[in-house]
Amino acid sequence: MSKTNRHKILNDPIYGFVTLRHAFTLDILDHPFVQRLRRISQLGLSHLVYPGAVHNRFHHAVGSMFLMQEAIDSLRSKGVEITPQEDEAVCFAILLHDVGHGPFSHALEHSIVNEVPHEDISSIIMDRLNIDFNGKLDLAIKIFKNEYKKKFLHQLVSSQLDMDRLDYLARDSFYSGVTEGKVGSERIIKMLSVVNDKLVVEEKGIHSIEKFIVARRLMYWQVYLHRTVISAEHMLTLILRRAKYLTKNKVALFASPSLYGFLQNDYDIQSFISDPKVLDCFCDLDDSDIYCAMKSWRYHDDKVLSTLSARLLDRKLFRIELRSQPFTEREVNERIKTISDAWGLTTDEASYFVSNDTIQNQAYTPNGILIKYKDGSVLDFAEANDHLSLSHLTRSVVKSFLCYPKDIAKPER
């Protein structure tokens with residue numbers, strides 16, 4: 001392997017020129033498990049609402065690493081001791097923090113795998129990469145799992161004010177065009193410090209944190225939890241569930257070998273740990289597997305699978321009702337019966353055209369961000385800020401939704 005020109009410079013649309021200051025970063029980026037992130041959309045199906053939101057997880061990984069490099073430099077300038085080994089390891093940890101995402105980022109977690117969070121898969125992939133790299137990721141894995149003595153390093157990777165959130169807000173705002181999500185990450189990073197092994201923000205940075213919290217809340221309502229995005233992603237979940245049901249009942253379906261393996265089997269977290277082939281199969285999956293499958297499934301004899309696939313591909317999305325009160329079982333069953341009667345489907349088949357669930361948005365969780373005052377005292381942000389009310393910040397807003405085809409009339413009362 002050539003060691004020349006290992007400190008690459010990448011051109012990022014958000015931050016400009018990004019230098020990979022650790023030579024080994026290029027080896028990690030070139031690994032197939034990481035290159036796969038180029039084929040995993042950062043915002044799932046949000047591009048059906050915001051056409052420009054077509055960026056991928058690879059963009060986000062590199063951007064998060066850049067912010068980590070900036071944060072390390074800022075902390076060092078204030079006398080926080082971070083060794084070269086810790087510097088390298090925490091950069092590798094943030095670079096790989098999302099490596100376990102499946103196609104369309106989240107849909108796979110709730111359909112063709114058995115409720116396995118992407119964070120757990122990321123951890124397993126990092127362990128596998130560490131074998132491939134002869135232990136080079138030992139320290140990075142400890143930091144990622146919060147097993148290292150310097151806890152503030154883990155906070156930089158995963159907390160309410162980590163480099164992950166700072167990057168995805170800026171990046172998702174840029175590509176979606178939702179300017180409310182834009183945050184002053186540069187100033188926030190300059191205001192970071194460490195007190196008693198905890199990451200803190202200096203008092204003069206409190207207004208930047210206020211803007212960060214509000215921006216994140218708005219991005220959730222306007223992008224991540226946008227009603228049309230929810231509709232599209234639940235349609236995808238229903239498609240994958242139907243495909244899995246048919247495959248397990250010996251119905252022939254077109255699918256790539258990797259996707260077919262997940263349609264055939266109920267893989268849980270233990271499957272990923274005990275069988276290396278399951279992880280290899282997962283790391284061969286990306287958005288293109290799902291798109292190619294749906295393009296074939298839209299012509300399948302199964303009316304449920306073909307109709308759902310065609311509607312999602314053609315953006316004929318479900319209507320979505322959103323409200324504070326939960327939908328009753330009667331209301332859900334009424335929609336199912338209407339579809340069953342109108343389309344000549346069984347109740348079970350018609351249930352694939354109705355999705356009922358909840359969404360939740362909480363701006364801030366107490367003790368998530370600490371503010372350091374000039375006298376050395378430290379206070380939780382929720383108590384320190386004087387513009388946003390404590391109850392408004394910490395209140396969890398839960399809404400219930402019901403999705404169903406637009407061309408099915410609402411049942412008469």
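How many residues are surrounded by fewer than 18 Cβ atoms within 10 Å (Cβ to Cβ) and modelled with pLDDT under 95 when one looks only at the range 228-240?
Going through the range 228-240 one residue at a time, the tally reaches 0.
Could you identify the single residue in Phe254, Phe272, Phe262 that is assigned to a loop (DSSP other than H, G, I, E, B), over 30 Å from Tyr175 (Cα atoms) and in contact (Cβ under 8 Å) with a residue 24 or more places away in the chain?
Just a single option satisfies the conditions, and that option is Phe254.
Restricting to the range 1-25, name every residue that is of a type in the set (A, V, I, L, M, F, W, C) and modelled with pLDDT of 90 or more.
Across the range 1-25, the qualifying residues are Ile9, Leu10, Ile14, Phe17, Val18, Leu20, Ala23, Phe24.
Just need a number here: residues in the range 297-312 that are more than 15 Å from Leu345 (Cβ to Cβ) and either polar (S, T, N, Q) or not assigned by TED's automatic domain parsing to the domain that holds Leu345 (or both).
So the answer is 1.
For Ser288, indicate whether it is surrounded by fewer than 16 Cβ atoms within 10 Å (Cβ to Cβ), in contact with a strand residue (DSSP E or B) (Cβ under 8 Å, 6 or more places away or on another chain) and over 16 Å from Tyr404 (Cβ atoms).
When the stated conditions are applied, Ser288 does not pass them.
To keep it simple, each residue is scored yes or no on (1) out of contact with any Asp or Glu (no Cβ under 8 Å at 6 or more places or on another chain); (2) surrounded by fewer than 18 Cβ atoms within 10 Å (Cβ to Cβ).
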{"site": "Asn134", "(1), (2)": "yes, yes"}
{"site": "Glu147", "(1), (2)": "yes, yes"}
{"site": "Leu153", "(1), (2)": "no, no"}
{"site": "Leu156", "(1), (2)": "no, no"}
{"site": "Asp164", "(1), (2)": "no, no"}
{"site": "Arg171", "(1), (2)": "yes, no"}
{"site": "Gly177", "(1), (2)": "yes, yes"}
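Does Leu345 qualify as being without any contact (Cβ under 8 Å) to a residue 60 or more places away in the chain, of a type outside the set (D, E, K, R) and over 17 Å from Phe104 (Cβ atoms)?
Yes: the conditions hold for Leu345.
On the given criteria, is Ile320 β-branched (Val, Ile, Thr), assigned by TED's automatic domain parsing to the domain that holds Ala255, touching a helix residue (DSSP H, G or I) at 6+ places or on another chain (Cβ under 7 Å) and not in a helix (DSSP H, G or I)?
Considered against the rule, which asks whether it is β-branched (Val, Ile, Thr), assigned by TED's automatic domain parsing to the domain that holds Ala255, touching a helix residue (DSSP H, G or I) at 6+ places or on another chain (Cβ under 7 Å) and not in a helix (DSSP H, G or I), Ile320 comes out as yes.
Filter the range 329-386 for residues that are within 30 Å of the chain's Cα centre (by Cα) and of a type in the set (Ser, Thr, Tyr); which is surrounded by the most Cβ atoms within 10 Å (Cβ to Cβ)?
Filtering the range 329-386 for residues that are within 30 Å of the chain's Cα centre (by Cα) and of a type in the set (Ser, Thr, Tyr), the one surrounded by the most Cβ atoms within 10 Å (Cβ to Cβ) comes out as Tyr364.
Given the conditions (1) farther than 17 Å from Leu67 by Cβ; (2) surrounded by fewer than 18 Cβ atoms within 10 Å (Cβ to Cβ), report the number of the one that Leu218 does not fulfil.
Of (1) farther than 17 Å from Leu67 by Cβ; (2) surrounded by fewer than 18 Cβ atoms within 10 Å (Cβ to Cβ), only one is false for Leu218: (2).
What do you reckon, is Val223 within 18 Å of the chain's Cα centre (by Cα) and touching a residue at least 12 places away in the same chain (Cβ under 8 Å)?
Yes: the conditions hold for Val223.
When you look at Tyr260, is it outside the structural domain of Phe104 (by TED's automatic domain parsing), surrounded by 17 or more Cβ atoms within 10 Å (Cβ to Cβ), of a type outside the set (D, E, K, R) and touching a helix residue (DSSP H, G or I) at 6+ places or on another chain (Cβ under 8 Å), yes or no?
It is true that Tyr260 is outside the structural domain of Phe104 (by TED's automatic domain parsing), surrounded by 17 or more Cβ atoms within 10 Å (Cβ to Cβ), of a type outside the set (D, E, K, R) and touching a helix residue (DSSP H, G or I) at 6+ places or on another chain (Cβ under 8 Å).
The values are calculated or read from the model by the stated rules, or taken from the named source; none is laboratory data. Being a predicted model, the structure only gives us computed values, none of them experimental. Here Cβ is always computed from backbone atoms with ideal geometry, including for glycine, and neighbour counts include all displayed protein chains.
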